[in-house]
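This report refers to the structure that appears directly beneath it.
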Amino acid sequence: MVQHYSFSGLAATIAIGAIASFIVWRKLTGPGGISGSAQSPLPRGPRGIPLIGNALDMVTRTPWLKFTEWAALYGCDVVYFSALGKNMILLNTYKAATDLLDVQGTIYSERPKFALAADYGGWGWLLPTLPYSGSRHFQTQRRFLNQHLNATAVNTYHELILRNVKILASNLLRHPDGFQKYNRMYAGANILDITYGHKVTAPDDPWIKQADDAFRTLEAFGLPGTHPIDIFPWLGKLPFWVWGRSFSKTMATMREAASVISQGPYESVKKQYIVGEAPRSMCASLIEANIDEDGRVNQEPDIISATAIVYIGGADTTVAVLDIFFLAMLLNPEVQKMAQQSLDAVLKGSRLPTFDDRNSLPYITAITKETLRWYPIFPAGVPHFSLQEGEYAGARIPASSMMIVNVWNITRSCDHPEEFLPDRFLENSEAKSVDNIVNPEDYIFGFGRRLCPGRNLALTSLWISMATVLALFDISPIEDADGHPTTPQVEFSNGVISCPKPFKCKFTPRSLQHEMLLRD
Ligand code: HEM
């Protein structure tokens, strides 16, 4: 769902890009071109190589580090650069991102085209790829998601989430080695129950596997947005054999996966609904609200898409943040101790946390925020696209620009950004008054009309899992053969989502009394 910018060695793309850039350049500078007219200047930014612009700067797995260098070098809220003839606008500060993407959301809410997956791979129904302007499907799907994932709706899922968090903790007790697998099971169990009423009882649940496999097909040719067809959609008109012998087969697999993941769970709930056996779920209630007397379901394609995107948008994201949280706890035992003291003061070791404890546990809320800030899972945001020309602080934002929020730079605009310091989010703490920091919940989930519709669910399921795990366990490094603790290397993989590479840690129940809370 995200476009990264590691244009992974695509020599062909660069060659095509050079030709395309040349054509654009001729248009701009030739007779009747707009160059040299009395327009506002573009924002400042790096000078690229003739024809290909700054494309080579982006041939890296961590383009946000380059973006953050540019933010410092040009010292301005908005930077302009180009790559392969495409306009790129980098929004380096929270203020610039809100001023443009929130306040002027009507201009900046499109997405760049993901032509490969959307037009040829069967994923054109996926909400993040839908156009914003003039799309009835976009409006309908966003409405369905908001109805079922707004803050009040999410409160009705508390019981279900509490059940699943207890299962997560029990699994950590029994299988501490498999915490990443059980994080995935926890996120999947919440989402599939809310969306389809499907109960997940094991980490290898077939619905989870099917959705994960389908999602992976989006990366069949590298990161979405990096194939030449994504960069120059007209290339999709060429016969498929141009792209190699296996291309057609891989595209067919992609289409099959997209169809199975969207239709399969929906058809199963519809069948249950018709015989009066559908458990409560988002899908069942959308069918109920839209079914005619003759059994025809109105807006069926939008119901199918809006429900399927919940898993695709929600599972990997939540798992990645939980993995980052475990890593942060492993590396910061003093933060664990502070958290446990605050939990013990409220729970007295005699019960598990509930959502009613939220106001009494500000330190846990601060840990949630610091986890989101410390290592953002979308360090370069999820790009928007501008349809028409705009202006910011006297500079021109050209039409057809990719709008990239430099989330990494925003998370680094505080004291000691590499340190994990939840105190910076506590009211009245010294750290807070020094930093005067923006709440990461206000930018990690994106902006404007594209703001993440799953943010309430994400924050709720993250908070309770962090509180529960910290209340019950000490998280510590595993020991090597000589019995010495081994601290893991902090390494991140940068796929669609940026998340820690597999690492190991130990979960030790804090006492027999704590362990007994799970056995009740
Ligand atoms: C910590 C977890 C999560 C993070 C950090 C996150 C972050 C984001 C971001 C940055 C965007 C792009 C917003 C923009 O374009 O400005 C987004 C979009 C989206 N997210 Fe999330 N998300 C999370 C969890 C979820 C969950 C649980 C769901 C489940 C419903 C979800 C569903 C979506 C969808 C459907 C979109 C596309 C919206 C659109 O294009 O209109 N996300 N998310």
Quiz item: Among the residues of the stretch 224-234, is any more than 14 Å from Y120 (Cβ to Cβ) and free of Cβ contacts under 8 Å to residues at least 40 places away in the same chain?
Solution: no
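Conditions (1) outside any helix (DSSP H, G or I); (2) under 27 Å from P502 (Cβ atoms); (3) within 15 Å of the ligand (Cβ to nearest atom); (4) touching a Phe, Trp or Tyr at 6+ places or on another chain (Cβ under 8 Å), marked per residue:
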| site | (1), (2), (3), (4) |
| --- | --- |
| H148 | no, no, yes, no |
| K181 | no, yes, no, no |
| A187 | no, yes, yes, no |
| D204 | yes, yes, no, no |
Practice problem: For the stretch 459-468, enumerate the residues that are surrounded by fewer than 23 Cβ atoms within 10 Å (Cβ to Cβ) and not hydroxyl-bearing (S, T, Y). | Solution: L459, L462, W463
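Let's see how each residue does on (1) over 24 Å from S170 (Cβ atoms); (2) among the hydrophobic types (A, V, I, L, M, F, W, C):
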| site | (1), (2) |
| --- | --- |
| S281 | yes, no |
| L331 | yes, yes |
| Q340 | no, no |
| L343 | no, yes |
| F355 | no, yes |
Practice problem: Might you let me know whether the stretch 304-319 holds any residue that is among the small types (G, A, S), farther than 29 Å from S262 by Cα and within 16 Å of the ligand (Cβ to nearest atom)? | Solution: no
Exercise. Of all residues in the stretch 52-80, count the ones that are in a strand (DSSP E or B) and at pLDDT 95 or above.
Key: 3
Exercise. Of all residues in the stretch 472-486, count the ones that are touching a Lys or Arg at 6+ places or on another chain (Cβ under 6 Å), farther than 14 Å from E334 by Cα and in contact (Cβ under 8 Å) with a residue 60 or more places away in the chain.
Key: 0
Quiz item: Which one is nearest to D316 (Cα to Cα), of the residues in the stretch 165-183 that are buried (at least 22 other Cβ atoms within 10 Å of the Cβ) and touching an Asp or Glu at 6+ places or on another chain (Cβ under 9 Å)?
Solution: N183
Quiz prompt | Breaking point among (1) surrounded by 22 or more Cβ atoms within 10 Å (Cβ to Cβ); (2) away from the ligand (no atom under 16 Å from the Cβ); (3) assigned to a helix (DSSP H, G or I), for Q340 | solution = (1)
Quiz item: Are any of the residues in the stretch 385-408 in a loop (DSSP other than H, G, I, E, B) and within 12 Å of the ligand (Cβ to nearest atom)?
Solution: no
Exercise. Could you grab the pairs with beta carbons closer than 6 Å, sequence gap of 6+ or different chains, first residue in the stretch 243-271 and free of Cβ contacts under 8 Å to residues at least 12 places away in the same chain, second one assigned to a helix (DSSP H, G or I)?
Key: F247/F240; S248/F240
Quiz item: Of the residues V79, V103, V59, which is in contact with a helix residue (DSSP H, G or I) (Cβ under 7 Å, 6 or more places away or on another chain) and among the hydrophobic types (A, V, I, L, M, F, W, C)?
Solution: V79
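The values are calculated or read from the model by the stated rules, or taken from the named source; none is laboratory data. For clarity, every value in this text was computed on a predicted model and none was experimentally measured. We place every Cβ from the backbone using ideal geometry, glycine too, and count neighbours over all the protein chains shown.
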